[in-house]
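Notes for the one structure printed next.
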Amino acid sequence: MSSVSWKDVAKYIEASFNTAGMVDRSIALENAFNQQAPDNVVDAIDGLGSKIFPNPDTARQFLKEKGYITE
């Protein structure tokens, strides 16, 4: 797995937050699939797992700590 830039993932994470008021992996993945995001972006979003994040910043921090994204 190679990490991707936060800017490549951010729009899907932010869309999840704007839709649900939280960052949810399934909503972010649905957005990514609907927009035909590259596989490495989908893999990074999938790294959120079953956790629910209160905002995009906490999701970004989690993905960065796990090595899924770079700044």
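Computed from the coordinates by the stated procedures, all read-outs in this text should not be read as laboratory data. What you are looking at is a predicted structure, and each value in this text was computed from that prediction instead of being measured. Every residue, glycine as well, gets a Cβ built from its backbone with ideal geometry; the counts of neighbours run over all protein chains shown.
Points worth noting:
- Summed over the stretch 39-71, residues that are crowded, with 17+ Cβ neighbours inside 10 Å, assigned to a helix (DSSP H, G or I) and of a type in the set (S, T, Y) total 0.
- Condition met for A32 (free of Cβ contacts under 8 Å to residues at least 40 places away in the same chain, assigned to a helix (DSSP H, G or I), under 21 Å from E71 (Cβ atoms) and not β-branched (V, I, T)): yes
- Matching residues in the stretch 13-28 - criterion: being over 18 Å from K66 (Cα atoms), in a helix (DSSP H, G or I) and not small (G, A, S): E14, F17, N18, T19, I27
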